[in-house]
Every structure is written in C-alpha cells, then in structure tokens.
Amino acid sequence: MTRVADVDEALHARQAAPAQYVAGGTTLIDLMRQDVERPERVIAINRLALRTIDAAAGGGLVLGALATNSEVAHHPRVRSEYRVLSEAILSGATTQIRNMATTAGNLLQRTRCIYFRDPHAACNKREPGSGCPAITGFNRNLAVLGTSDHCIATNPSDQNVALTALEATIEVRSAAGSRTIPIDKFYLLPADTPQRETSLQPGELIVAVTLPPMSGWRSHYLKLRDRQSYEFALASAAVAVQLDGSTIAGVRIALGGVGTIPWRAPAAEAALRGKTASRDAFREAAEIALRDARPQSDNGFKIELAKRCLTQALLEVTA
Amino acid sequence: MSVGTPIDRIEGRLKVTGAADYASDRILDGMLYGVPVGSTIAAGRVLRVDATDALAVPGVVAVYDHTNIGTLHSHGSSSLKTGIVDEHRAPLSGDDVQYYGQYVALVVAQTLEAATEGAAFVHVTYAPGAVHNAPITTDEGERKVGSHRGNPDKAFAASAITVDQTYRTPVETHNPIELHATVAAWEGDSVTLYETSQAVVNHQRVLAQMLGVSLDKVRVFTHYLGSGFGGKLWPWAQSPLAAAAARRLGQPVKIVVTREQMFMNVGHRPQTVQRVRISADADGRLTSLQHDSTNHTNMLDDYDENCSEATTYFYSVPNLRVTSGLAKRNVGSPTSMRGPGAVPGLFATESALDELAVALNMDPLALRLRNVPQRDEGLDIPFTSCHVGECYELGAKKFGWQQRTAAVGSMQRDGMILGWGMAGCSWIADRLDCEVRVELNPDSARVFCATQDIGTGTYTMLAQIASDALGIPVGHISVSIGDSSLPPGPMSGGSMATASVIPPTIAACKDALHKRKSASAEETVVGYGRSDGTFGGEPKKSSHSFGAHFIEVTWQPEIARLRVRRVVTVIDGGRIINPKTARNQIEGAIVFGVGMALFEETRYDPRTAAPLNRNFADYVVASNADHPSMDVTFLDYPDYDLNPLGARGVGEIGLAGIAAAITSAVHHATGVRVRDLPVSIEDLLAP
C-alpha cells in the first residue's frame, strides 16, 4: 500500500504501476477480504485535500471527492437545496459506514450481487466470460432495467440515484489533464462487457462532484426495502420538480434498486412536463418509466414496486 | 426477598466494560490460529488436497486434511447421558463431502492473517456427486405417528367446517453476535477447551469421546456467551478440529468460525413443510386435528424438528393424529433453534386456527377461548398449572381487541390500514439433573454449578435464589459457573436451566446453613444439593408455559410497506425470578419473531446447494428500527409441581406463536394469507 499526499503524487503513483485507489475502504476492503478484489497495490488517498464542500461558480455546490457521506448528507446547503441527496445518503448503510465512506468511493460502489461477491461462483463481471449464474439462479435483488444476457447486477448506491436526478457532473484528473463527465455518461450498461462499469479511464482520479444550481426545484428520495433500516433498495426513486402552481414545469426522475446503473427516466419526465400534478399522471409516468423492464425469475415484483415507489415519491414531492 | 425483584445483572458491569472473558478473547502463550477450508461442492469426494502453496505462506505451520489429521472418533448415538451432538461425524474423518462448506482442510498458522491467507491457497480437487436439494414434501420420509387419539379422518370427513392447508417455514440461521469459537490447549494428556457452549458438561462428554480420552482429561470453560439461540447447545466441528491440531502441534490452537461459516457449519433451523387438517362444529368446537410435518436433515444425521411438540396438548380436540418424517438433503446438520418444534409447529397450527375462524365467521379470540384445554389430552394427565385462558383474556383487554372489526382492511389510522391478529403459544417446562455446591462464609457465599449463562441472566438468578435461601444480600453472593469441573449442571436449553438449578441450589444452601450450626463462626462451610430431572421421563402431570400474543401491523399498499407496530404479550411462565431479565427474554423473542415472520430465510442455490445470503447484508434480520412497541405481562402463577419456587424458564415461549399472530394480522390488513414464511413484499403486491 502506498500513501500519497496530493493529487499529483496520487496520479504519479498510479502511472508507475497498476493499482487501485482506496479512501474510506468500505467497498474495496470488504471485497478484498472476500477475495473478490485482488489489487496488486492500493494507493491510499485519504490525505488528499479533497474533503471540502464549496460553493460552485454559478450557484451550485462542489463536493470534494473525499467528503464523507455523512458530511455531505448533513451539509446545510445539501439539506436545503439538494434534499434528495441528503435523504438518499441517510437512507443507506449505517452511521459508522457513512462516516467512512466518501463521495467518490460511493460513485464506484460495487454491486451486491451474491454471485459477484462469491469468488467460487462464475461471474461475467468478476471473470469475464465465465458466465452469469444469477440469471438462472437466485436474483430477487437484481436488476430489471438495463440488463443484458451477460449481467443483471444492480447498482446498489442510493447517492448515485440522487446525483443522477440532480444531473451532477464528475470532475476527474489524470496525467493528461482534467475532464468533466456528466453523470449520465459516467455509468456504462453491462452489455457484453459487464466488467466495465464506468467511463473512468485507467489512471483517472475523481477529484470532485459538482451539483448544478437547483433554485426553484424541490426534491425527494423514497426508498423501499424489506426492513426499515440498513438494507439496499429493492426499489427507490429520486425525484426533483419545478412547479408552476400545480403544473409540472420541470421534472427529473431517477430510479434505484432496479437498474444495472442509476436509472434516469427521460421518457417519463417528458410525459409529465406541462401536466397537472396528480396521482393518475404520476402513475402513468411510472408505467412509462418501467415499460422496458425485463423481469427475471425472482424479481418481477420489483417492476410494480418501482412504479408504486415513483408514484408515491412524486406525490410526496408535489404535496 | 430477592426472588421476584427486577435487579440488574450481577455480571452487567463486566460485560459493558469489556472485562467479561468470552471464549474468543482467550489468548494463550504460543497460541496458533486455525482457519478451516470449506468445500465448494455440496456432494461428492475430495480427490486431493494440495497444501504446497499454503505451506509456503510465511507463518503457516501446518495444513491438515482427512489424510493427516490423526484419529478423531465420530460420536455414537446421542443421549443426555452419553452426550448429544447433531453432526455426529468427526471432522476430516473421510473423503466424502455431504454439504457445501463442509470442512475439508484446516490451516494452522502463527497469526490469523497467515492462516486466512493460507486457507485461500489450499487447492482442493473434487469429484462432484449428485446434489440432493429438492424442495421437501409432507409425505416424504418414513412417516412416524407421534400421537393419535380418536378417529380424526372420520371426524374431519363428517365436519362441515374444515381447513386443509399446507404451511412452510424456511431454513433460518442462528446469528448470535458472538461467533462460535474454540481455544484448545493440551497439558500432557489433558485438554482445556475455552468454548462458546450452551452446555459445558455435554461438551466435555462429546469431546472426550471424539478425542478418545477419558472424561477427566477434558475441561470445558464457557464463562460468558454472546448468546447462541440453540446453535451452541452441542459441539460443532471446529472444537474437535482445534483440539486435534493442538494435540498434533503441542501448542494451543484457536479457531473462530466466520460469519459465513455460521451459515454452513454450525447448524440451522431446518425448513419444514406442514399439512394441517382441522375441523370444527358450527359453534367452533374442534372436532379433529391432523398435523403432518416434514423437516429436512443432512445426509448422515437424523435431526427431527418435532413440529407437533405443542399440537397434542394445546387444543381440546377429541380426534387427533400427528405424524412426522425426515427428508435427507445435502446440507449441514440442522440443530435446535429457539423453540425447536413448537415454534414452526405453532406457526402452522395457529395459522390453521386463524383460517378456521374465518371459515366459521368467528372471532379468532373466541375460537381460542372455546378450545382451551382443561387437561393434557395428549398424555391424558392434568396440567400442573395452566392459565392460557387468562392470557387470552388479559391480552385482549390490554390490546383493545374488542375494538377490532373483522372485515379485511376495515381498520385505519393516520392514512394507514391496520391489521390486528393474535395467536396463542406454549412451550415445555421441565427440569434436568443438577448438582450445586455452596460455600458459605460468615457474611458471604459462593454458588458453584457446571451450568452456564447464555446471556439470559443465569448468574443473577442463581445469586437471587441463594440470597433468599441463605439470608445474605445478593451483593454478597458470587456465582461460579461455565466450568465443566464444577458439580454437573444443566444445559442452557429448552428453557430448563432456571427450573433445574432451583431445587439443588436451595438444598445446598440449607445444607450449608445446617453445617453452619456445628461450625465455628469464622469457618467456611460447604453445602451440597442435587436433584433429578423430569425431562424425558413419564410425567404424572403435564407442565408447560403458555401465553398469548396480540399484534398490530400497519399496511401502506401505495408503497407495499408492512410494519409490525404494536405487540401485547401475556405469559403464563410460572413464578418469575427476575422480572427484568425475564422481560428482556420475551421482548427479545418478540423481535426474533418479527424477523421470523417478515425477513429471515437462508437461501440456497438450486444448483450448487450453497447457502447464498451468508452475511448480514443479505440475510435480513430485524433491525432496531423494526422493533415494535411491546407490552409484556407475566401472570406470575407459581408452578410448585416443577420446583419449590414455582419458576419455569422463559427463553423460548415468547417466540412461539408470534409468526402466526403476525400473519393473522397481515391477513386482516391485506386479505393475503401467507402460509410460506417469511411474508415478503412480493406476497403482498396484488398481481
């Protein structure tokens, strides 16, 4: 393990030899213990000065890559202007985990697919070409949207669903320079390369996540699961709306727990724009959002659950 | 009087300060760490264990498999006298694999890290065999008739009002916070075992046989337990493995089972399938009851869940038959889990009664009250003390049951649909053999017994009993338990420990007081007491605990969210020695029941028979946020036939009946009758 002091050192260390960055360790260390992740080297980036949360030019907010989930969720501006993000983060994991987990680490959280996490099982994501036992096995918790014949693993994050609805952008650095990746270009569908999860290139380091200004918007996160706390979503909805009286002037919808990636629902948004807020309109949008869903043997219920979740989230945010 | 008062646990400070020495805390000079390697097939043979790479890991000192572990003896038939174990076969005693995760090798190293790394480098070659893991059925296995009276077939056929349904409970895995652990240390030909055991005397008996040494060469310590829920009643493979490795290496060896291994190697509640046929006359008097159950067991052992434990005596019914059968599958051995038999059994029979109440258009409480037994009709003997009718009536009153409207979904609050359900419960009350020694000083005393405290309050309860018997304040009584070399005492199981220790403790105190009269004032005198058990005998009276649960769930169909909000429980558990620790048991059992009803199920891969959700993220238990509000009442009627204080144990009774009461409430709220636990969101989403 290498410990680095600043971004340049981190990039150099990564250039020198293949390695994985580690910050809070709440995903990577877990998976190393399970023998699922086997990095030859890890570069600890905890000391990098990327922990602050600052106002962005133009009114948004910049979350340092190392700002912890707790720090983000409890930040006054996040609580007031980006409520969906605060609610999403606080609905996940536990206080202890949120105190360690970081913004960028959460962006790269790995799936909870049981077969991915069992090194003795086949898994196209872990060992490309080995097969997907989840499709023919136990798949209750897995995805119904964005799946392929090679992988149906769910993106487990709550934060990333909220960031998707907020149209966040991801700031990365590499030896070649800086670039900004819109979140809807960040996650890759599994297709026939489920081992590739993001558009992050080797050697790139996430340094910040930028939230655009959201004045005039209300937002909300609703998460459904078996028990009341400490469980990944079976279905969740991150919604943001701009209301003009009772007319929906603007709307953004992302779904969690049902997609192989945090799932933006543009067709449902288009169907709602200009409509009057009502349960019927919301249910219709939910039908549209899930119309391409593909159930597996154990998870068909998620389609109806996600529809109810989205309908209720829209009702609550417009109430 | 200390008995009957809610004093704090006498060992509480040690626990909250971290000073209590649990088995896995033990660190001995020169101690090595063992990490077992589990099979990655569920059936077949081990062809080769290649330890070359593991032995090359710095710090690894040995790798054992079936070819080099030395002789470990498999255990013969289980009995209280010879020792009980559920997985009879000694670990690494053959090349055959009977379940996924079965230990096929043991890596021993100077550090846990080295042993863990070494285990990843043990390469095992298998010849896989056919995996038996099909769902079990009610007519499977050799059918054993457990109890029979009257002519249930004829009565059922003659009844206009009947219920004939099949209920299923899944595999549930014991998940005490404390992992199973063994530290084994030999001195000459004697071995000391620091164990996570709910029965140190039994553990000594079994390990002496497995290790091929005499009983006096084995000493077992369990000073404190981070609970066990039955999973730690009998020894599991890590114990003889640690002892065998320690013997071979001449150094102490510690093995701590991982959370994943808890799902494979140390028992579970087996899946059950239970057909219940029940009939009644138009007034709701039961005319017949048939209960046919099957549980799975592993390929080599015969674990019998005994689902009809309570069926035979809990209802007044003239015609009854219960049968059971075992289904062999490629799984690790099942074992007792909190309320074995009665807990899954009462889910089935109490659910059937709820369905019968619907068929009769009768209040489920009224149906229970109409069929309260006046005597044990299974054994045709009187009860020692049975107040189940009062449990129903008091519980109903405290809950406000008379406000219930019967129609599905007819009750609402705060925009949520309410479901109200109820069920009865029962559990055995018996004693086991027990001996106690009391050392009496001028103003203090010490109680000695080879029982142990699973976490329920045995230390405290023993101090309270001795305090009253000796006339010495509780603070001046110390308690030594959890050591097999002490006078033999009962297991912490079957809710029998409390009832068992009372007679000999009082006798030993009396003996000491008697000896005090002929001793000098400064002298320490020693009193002895012993009593024979009642368990497994032929009783003249039937002694059981009883109770009733009333449940409120809320149902939000718009988001398919079901939550248990409120529980009222009334327990007829004899005299309560310590209301604080007793309430703690019932409340814990209620939460356990919420998990059983709504969340818990160990899932196995249909192809490999590997338990899949073998961690705390995927095996869902009730979290703190899932705790309902709980109102627990003890009737506190002493059962003097059982012991001089009239006390019964209350560790298990609280779990019995909860799942049926919850599914009754779920039906009342949603109209969905769930007969296959746990209740899941998919059950409740209308198609």
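Taking chain A as a Gaussian network of alpha-carbon nodes connected by springs under 10 Å, the highest mean-square fluctuation of the residues A:43, A:206, A:253 belongs to A:43. Length gained on full extension, residue A:196 to residue A:3: 66.9 nm, using 0.36 nm per residue less the C-alpha separation.
Among A:33, A:126, A:308, the largest mean-square fluctuation in a Gaussian network model of chain A, built with springs joining Cα atoms closer than 10 Å, belongs to A:33.
Starting from the Kirkwood Rh over alpha-carbon pairs, what translational D in µm² s⁻¹ does chain A have by Stokes-Einstein at 10 °C and 1.306 mPa s? All intermediate terms of the calculation are to be shown ahead of the outcome.
Numbers: Rh = 19.9 Å.
Roughly 80 µm²/s, to the nearest whole number.
Taking Lys and Arg as +1 and Asp and Glu as -1, the other residues whose beta-carbon sits under 14 Å from that of residue B:673 total -4. Looking at chain B only, what percent of DSSP beta bridges run antiparallel? Nearest 5 please. Antiparallel bridges make up about 75 percent of those DSSP assigns within chain B.
Solvent-accessible surface, computed for protein heavy atoms with a probe of 1.4 Å, shrinks by 50 Å² or more for the following residues of region B:662-682 when the other protein chains are added to the isolated chain: B:681, B:682.
Calculated over region B:410-555, the projected area of the Cα convex hull averaged across directions stands at 13.0 nm².
Put B:460, A:52 in order of accessible area, largest first, 1.4 Å probe: what do you get? Each step should come with its number before you reach the end.
Working: B:460 0, A:52 80 Å².
If we order B:460, A:52 from most to least accessible, we get A:52, B:460.
Segment residue A:176..residue A:79, full-extension length gain: 31.4 nm, with 0.36 nm per residue of separation and the alpha-carbon distance subtracted.
Long hydrophobic helices in chain A: the complete DSSP H runs spanning 24 Å or more by Cα along their own axis with mean Kyte-Doolittle hydropathy of at least 0.0 are A:301-318.
At a 1.4 Å probe, what is the % contribution of carbon and sulfur to the accessible area of chain A? Kindly include the intermediate steps, with their values, before the conclusion.
Working: 6360 of 12710 Å².
Solvent-exposed carbon and sulfur of chain A make up 50 percent of the total.
Around the amide H of residue B:97, modelled in the peptide plane, lie the amide H atoms of B:44, B:45, B:46, all under 5 Å away and 5 or more residues distant in sequence or on another chain.
Taken one residue at a time, the phi angles of region B:47-54 give Karplus couplings (6.51, -1.76, 1.60, θ = phi - 60°) of 8, 7, 10, 9, 9, 3, 5, 5 Hz. Gly and Pro are set to x.
Between the alpha-carbon centers of region A:62-80 and region B:482-505, tell me the distance in whole angstrom. Here the answer is 55 Å between Cα centres.
Between amide H atoms placed 1.01 Å from N, distances below 5 Å from residue A:264 occur with A:255, all of them 5 or more places distant or on a separate chain.
Counted by Cβ distance under 9 Å from residue A:217, the other residues give a net charge of +1, where Lys and Arg count +1 and Asp and Glu count -1. Within region A:270-315, the residues that become at least 50 Å² less accessible when every protein chain is included than when their own chain is isolated (1.4 Å probe; DNA, RNA and ligands ignored) are A:301, A:308. Within region B:130-163, which residues have the backbone N less than 18 Å from the label spot 7 Å out from residue B:538 along Cα→beta-carbon, could you tell me? Label zone hits: B:147-148. The string of couplings for region B:134-151 from the Karplus curve (6.51, -1.76, 1.60, θ = phi - 60°) is 5, x, 8, 10, 6, 9, 7, x, 5, 7, 10, 7, x, 7, 8, 8, x, 10 Hz, one whole number per residue in order, with x for Gly and Pro.
Within region B:413-453, name every residue whose backbone N is under 11 Å away from a label modeled 7 Å from Cα of residue B:520 along the Cβ vector. In region B:413-453, the label zone of residue B:520 (backbone N under 11 Å from the point 7 Å along Cα→Cβ) covers no residue.
Mean Kyte-Doolittle of at least -1.0 and a Cα length of 24 Å or more along the axis: which whole DSSP H helices of chain B meet both? Working shown, then result.
Details: long enough: B:342-360 (25 Å, 1.13); B:497-517 (31 Å, 0.01); B:579-598 (28 Å, 0.45).
Counting only whole DSSP H runs, the qualifying helices are B:342-360, B:497-517, B:579-598.
Given an 8 Å cut-off on Cα distances and at least 6 residues of separation, report the relative contact order of chain B as a percent. The value is 16 percent. Normalised per residue, the accessible area of region B:431-531 is 33 Å², obtained with a 1.4 Å probe and no contribution from ligands, DNA or RNA. Between the residues B:54, B:141, B:114, the greatest Cα displacement towards the positive end of the dipole of region B:23-164, with unit charges on the Cβ of Lys, Arg, Asp and Glu, is found for B:141.
On a per residue basis, region A:218-318 carries 34 Å² of accessible surface, using protein heavy atoms and a 1.4 Å probe.
Distances between placed amide hydrogens fall under 5 Å for residue B:634 paired with B:571, all partners being 5 or more residues away or on another chain. Taking every alpha-carbon pair under 8 Å whose residues sit at least 6 apart, region B:611-683 reaches a relative contact order of 11 percent. Based on DSSP H segments of at least four residues, each scored -39500 (n - 2.57), the protein assembly as shown has a per-residue ellipticity at 222 nm of -7500 deg cm²/dmol. So which residue, out of A:86, A:148, A:199, gets the largest mean-square fluctuation from a GNM of chain A using Cα contacts under 10 Å as springs? Judging by the Gaussian network model, the answer is A:199.
As an exercise, find the ratio Rg/Rh for region B:426-506 from alpha-carbon atoms, using the Kirkwood inverse-distance average for Rh. Kindly include the intermediate steps, with their values, before the conclusion.
Values: Rg = 12.1 Å, Rh = 12.6 Å.
Taking Rh as the inverse mean 1/r over Cα pairs, Rg/Rh reads 0.96.
With R₀ set to 51 Å, the beta-carbon distance separating residue B:390 from residue B:111 gives a calculated FRET efficiency near 0.30.
Relative contact order (percent) for region A:98-143, with alpha-carbon contacts under 8 angstrom and 6 or more residues of separation?
Details: 25 pairs, mean separation 11.2, N = 46.
Value for region A:98-143: 24 percent.
How big is the equivalent ellipsoid of the protein assembly as shown along its three axes, where each semi-axis is √(5λ) from the Cα gyration tensor, reported in whole Å from largest to smallest?
Values: eigenvalues 486, 284, 151 Å².
Semi-axes (√(5λ), whole Å): 49, 38, 27.
Interface residues of region B:615-633, defined as those losing at least 30 Å² of solvent-accessible heavy-atom surface relative to the isolated chain (probe radius 1.4 Å), are listed as B:617, B:618, B:620, B:623, B:625. Can you classify region A:218-318 as rounded, prolate or oblate using the Cα gyration tensor, where a ≥ b ≥ c are the square roots of its eigenvalues, rounded means a/c under 1.5, and otherwise it's prolate if a/b beats b/c and oblate if not? Prolate shape, in that a/c is at least 1.5 and a/b is the bigger ratio. When A and B come together, around 2600 square angstrom of accessible surface is lost from both chains combined, probe 1.4 Å.
Computed with the Debye formula from one identical point scatterer per Cα of chain B, without solvent, the log10 of I(q)/I(0) at q = 0.08 Å⁻¹ comes to -0.62. Take the residue pairs B:232/B:254; B:15/B:254; B:15/B:580; B:81/B:510; B:81/B:217; A:275/A:302 and return only those whose Cα atoms are more than 20 Å apart. Cα-Cα > 20 Å for B:15/B:254; B:81/B:510; A:275/A:302; rest within. For region A:218-318, what is the percent of antiparallel DSSP beta bridges, rounded to the nearest 5? Rounded to the nearest five, the antiparallel share is 100 percent. In the context of the full set of protein chains, residues of region A:1-116 present 47 Å² of accessible surface per residue (probe radius 1.4 Å, heavy atoms only). Carbon and sulfur: what percent of chain B's accessible surface (1.4 Å probe)? Carbon plus sulfur share of accessible area: 51 percent.
Look at the Cα gyration tensor of region B:17-65: its axes a ≥ b ≥ c give a/c of at least 1.5 with a/b at or below b/c, and that counts as oblate.
The values are calculated or read from the model by the stated rules, or taken from the named source; none is laboratory data. Since the model is a prediction, treat every value here as computed from it, not as a measurement. With ideal geometry, Cβ positions are generated from the backbone for all residues, glycine too; neighbour counts draw on all protein chains shown. Just so you know, the surface numbers come from the protein's heavy atoms only, side chains and all, with ligands and any DNA or RNA stripped out. Shrake-Rupley method; radii C 1.70, N 1.55, O 1.52, S 1.80 Å.
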